[in-house]
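Quick notes on the structure that follows.
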Amino acid sequence: MIKKIYRTIKKYDTIVIARHIGVDPDALSSQLALKESIELTFPKKKVYAIGCGSSKFSYIGKLDKLEEIPKDALLIVTDTPDKRRIDSADPSMYDACIKIDHHPYIETFASLEWIDDTSSSASQLILELINQSPLKMNASIARKLFIGLICDTNRFAFNNSTPKTFNLVAHLLEDYPLDLEKIYQEIYMRPLNEFRLQGYIAENLTITDNGVAFIKLSDELLTKFKTDAGAAGNVVNSFNYVEDYLVWIIVSEDVKNDLFKINIRSRGPVINQVAERYNGGGHKYASGARVMTMDEVDSLIKELDLVTKQYIEKKEETQNED
Ligand code: AMP
């Protein structure tokens, strides 16, 4: 697969690299690292990394503006399992398309698809692609990939960090000693307002009998904290390791887009199948959803509560059998 991907990249003079909507560090890092590596290897190629950016992630790098879809171009989509989630690109408008993704399979939209849902991150896949092909690496690419890996593994705390992940990262750091303290500061430094919002969430979480914690943040409240619907995405991982719940849900009113943005995390029950029924998806234990009404929000919470109940019952059954 890696050979095929490399050969396809080599063949095209113009390459556009996209990733999923709702940009996050792994999506952006994988996209920008691949762009930089292709440019470094093939200085004559025109490579564009596209999609809506976020000033929050400006420390990772800059995106390009594409006035029109270039002719005879190759599209590469990283970190995106389905067509509807691609930010600013339609595979049918390109000569060829490659998907490089670590989400569970949803649908085929590219002529060449490399999907490995055992990989910690899309950045890990790009790292493997560069390591195993003539594509070149430098310190700036290494830094981007490291950031993507850190963010999608939550500093290697999730089980998606495998021995392979650690091996790849160890070799990367051997070859490109990175300023870890600086990188961690870039990733985790945040405004006091957001930290205060985190405190508010901790104070006001509702917890169901089955161990599902949730909170609904209105636009009024988010404005009071001088934050917006994007803030929950930055704080949701901080709510892990609380023994009173297994699943936690942050609902944020997004007035700009007239919807509710939902961040969901789990320490056991599989949540992505429920999220998929609510215009969402993601990984088994880290998902998101977007719904239009509060009724749908409540229904999503109910379904997650049921899944959590079933998870606990199944666990108890197995324990009793032992
Ligand atoms: P987040 O809570 O935004 O950090 O997202 C966690 C995971 O769920 C990431 O892999 C996202 O790509 C995925 N995700 C978030 N929102 C959606 C959505 N509306 N549809 C599909 N996947 C999503």
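Each value in this text was obtained by applying a stated rule to the coordinates, not by laboratory testing. What you are looking at is a predicted structure, and each value in this text was computed from that prediction instead of being measured. As a convention, Cβ positions derive from the backbone with ideal geometry for all residues, glycine included, and neighbour counts pool all protein chains shown.
For this structure, a couple of remarks:
- Additional length obtainable on full extension of the chain from residue 190 to residue 257, 0.36 nm per residue less Cα span: 21.7 nm
- Charge-dipole axis of segment 192-321 as Lys and Arg at +1 and Asp and Glu at -1 on Cβ define it, positive-most pick from 218, 197, 301: 197
- In degrees, nearest ten, helix 163-175 long axis to first principal axis of the chain (Cα): 50 degrees
- 14 Å beta-carbon shell around residue 86, net charge (K/R +1, D/E -1): -2
- Relative contact order of segment 2-187, pairs being alpha-carbon contacts under 8 Å that are 6 or more residues apart, as %: 24 percent
- Sum of side-chain charges, residue 113 neighbourhood, beta-carbon under 14 Å (Lys, Arg +1; Asp, Glu -1): -3
- Shape category assigned to segment 90-172 from the gyration tensor of Cα positions, a/c cut at 1.5: oblate
- Charge dipole of the chain (Cα centre as origin; +1 on each Lys and Arg Cβ, -1 on each Asp and Glu Cβ, all else neutral): 1260 debye, rounded to the nearest 20.
- When you count the other C-beta atoms within 10 angstrom of each residue and take the mean per peptide, 231-244, 198-211 line up highest first as 231-244, 198-211.
- Structure-based [θ]222 nm, the chain - -39500 (n - 2.57) summed over DSSP H runs of at least 4, per residue, nearest 500: -12500 deg cm²/dmol
- For the chain, share of DSSP beta bridges that run antiparallel, in % to the nearest 5: 45 percent
- Dipole magnitude (debye, nearest 20) for segment 177-312, charges at Cβ of Lys, Arg, Asp, Glu: 200 debye
- Label-to-label distance for residue 10 and residue 69 is 2.8 nm, based on points extended 7 Å past Cα in the beta-carbon direction.
- Mean separation of Cα contacts under 8 Å, 6 or more apart, over the residue count of the chain: relative contact order %: 12 percent
- On Cα atoms only, tilt of 2-11 relative to the major axis of the chain in degrees: 50 degrees
- Cα gyration tensor category, rounded, prolate or oblate, for the chain with a/c compared to 1.5: prolate
- With a cut-off of 15 Å between beta carbons, the residues surrounding residue 151 carry a summed charge of +2, where Lys and Arg count +1 and Asp and Glu -1.
- The modelled label-to-label distance for the pair residue 92/residue 241, using points 7 Å beyond Cα in the direction of Cβ, is 4.8 nm.
- Net length available on complete extension from residue 84 to residue 180 is 31.0 nm, with 0.36 nm assigned per residue and the Cα-Cα distance removed.
- What the Cβ-Cβ distance of residue 320 and residue 156 gives, at R0 = 41 Å and to the nearest 0.05, is a FRET efficiency of 0.75.
- In nm, spacing of pseudo-spin labels at residue 173 and residue 204 (7 Å Cα→C-beta vector): 3.9 nm
- Dipole of the chain, positive direction: furthest Cα of 240, 291, 115, with charges on the beta-carbon: 115
- Percent of beta bridges antiparallel (DSSP, segment 192-321, rounded to nearest 5): 75 percent
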